[in-house]
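Encoded as structure tokens, the structure appears first; notes follow it.
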Amino acid sequence: KNQVEQSPQSLIILEGKNCTLQCNYTVSPFSNLRWYKQDTGRGPVSLTIMTFSENTKSNGRYTATLDADTKQSSLHITASQLSDSASYICVVRAGGGADGLTFGKGTHLIIQP
Amino acid sequence: DAEITQSPRHKITETGRQVTLACHQTWNHNNMFWYRQDLGHGLRLIHYSYGVQDTNKGEVSDGYSVSRSNTEDLPLTLESAASSQTSVYFCASSGGLAGGPLGNEQFFGPGTRLTVL
């Protein structure tokens, strides 16, 4: 069964600090991996997409990495801001079709001033 | 600007009642999806549609139905609401071929919080 595991479940850091969120997956065949940010009371918004051949991709202060061999991805947030407080969801797509998406349960990140 | 909207944003109903949640998108996307999100679970797929008159069951479809009569709308109906269906429901849409190589980005609505008493 395809699975996506995220860690930690929750994380509290001080404003200005860096943090790294982890995503391990057992999805086959792998197509791509997305990181979504979900603010409280809102729908998820895509931050970045990683395909099999990509190792690193940045979106502002967010940097995602992918190791397709170990089936791991990470999302690194640099110089955190209060607005980074949200849930971050890792979503892995298997080959083809809407039911090819497997969602992680998310990491709940709180940035404290 | 194109958008995806859901209504109502909050709904309280009683067990056994029929409830319909609306989803409307102006992206002109072919693909539309309904998910539910509960504590301790990731987003779970209820139903999805690849185009007008097309509907498909997802992982947790029991007790739910959808119909797609036009491109813009995919209403979700709870035939006889149960307390286990208390959840936050998200509609999403994506363009292009659903099975395309990049698995086109899904754009999510703001969600509907449904409480079944």
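Please determine, by comparing only the residues of the range A:56-70 that are under 20 Å from residue A:12 (Cα atoms) and under 13 Å from the mean Cα position of the chain (by Cα), which one is surrounded by the most Cβ atoms within 10 Å (Cβ to Cβ). Full working, then the answer.
So in the range A:56-70, the residues under 20 Å from residue A:12 (Cα atoms) come out as A:61-64.
Those left that are additionally under 13 Å from the mean Cα position of the chain (by Cα): A:62-64.
Numbers: A:62: 18, A:63: 16, A:64: 24.
Residue satisfying both the conditions and the ranking: A:64.
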When only residues in the range A:71-95 that are over 10 Å from the mean Cα position of the chain (by Cα) and of a type in the set (A, V, I, L, M, F, W, C) count, which is surrounded by the most Cβ atoms within 10 Å (Cβ to Cβ)? A:77
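Go over the candidates B:93, B:87 one by one and state the one that is surrounded by 20 or more Cβ atoms within 10 Å (Cβ to Cβ), polar (S, T, N, Q) and in contact with a Lys or Arg (Cβ under 8 Å, 6 or more places away or on another chain).
Working: B:93 fails: in contact with a Lys or Arg (Cβ under 8 Å, 6 or more places away or on another chain).
Result of the check over B:93, B:87: B:87.
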What number of residues within the range B:33-63 satisfy the criterion of being touching a helix residue (DSSP H, G or I) at 6+ places or on another chain (Cβ under 8 Å), surrounded by fewer than 21 Cβ atoms within 10 Å (Cβ to Cβ) and in contact (Cβ under 8 Å) with a residue 12 or more places away in the chain? 4
Taking the range A:57-113 only, how many residues are touching a residue at least 40 places away in the same chain (Cβ under 8 Å), within 14 Å of chain B (Cβ to nearest Cβ) and either in a strand (DSSP E or B) or among the basic types (Lys, Arg) (or both)? 14
Inside the range B:13-117, counting only strands (runs of 3 or more DSSP E) that do not spill past its ends, which hold 3 or more residues that are within 11 Å of chain A (Cβ to nearest Cβ) and within 11 Å of the chain's Cα centre (by Cα)? B:31-37, B:44-51, B:87-94
Quickly run through the range A:11-52 and pick out the residues that are closer than 15 Å to residue A:68 by Cα, in a strand (DSSP E or B), more than 12 Å from the chain's Cα centre (by Cα) and among the β-branched types (Val, Ile, Thr). A:26, A:51
Of all residues in the range B:6-18, count the ones that are crowded, with 19+ Cβ neighbours inside 10 Å and hydrophobic (A, V, I, L, M, F, W, C). 0
Any residue that is at the interface with chain B (Cβ under 10 Å from one of its Cβ atoms) and under 15 Å from residue A:6 (Cβ atoms) - is there at least one of those in the range A:17-33? yes
Positions within the range A:68-113 being modelled with pLDDT of 95 or more and acidic (Asp, Glu), in sequence order: A:84
Among (1) within 14 Å of chain A (Cβ to nearest Cβ); (2) buried (at least 16 other Cβ atoms within 10 Å of the Cβ); (3) closer than 17 Å to residue B:108 by Cβ, which single condition is residue B:3 missing? (2)
Do we find a residue being within 12 Å of residue B:92 (Cα to Cα) and either hydrophobic (A, V, I, L, M, F, W, C) or in contact with a Cys (Cβ under 6 Å, 6 or more places away or on another chain) (or both) anywhere in the range B:65-75? yes
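The values are calculated or read from the model by the stated rules, or taken from the named source; none is laboratory data. Keep in mind that this is a model prediction, so the values were computed, not measured. Every residue, glycine among them, receives a Cβ derived from its backbone with ideal geometry; neighbour counts consider all protein chains shown.
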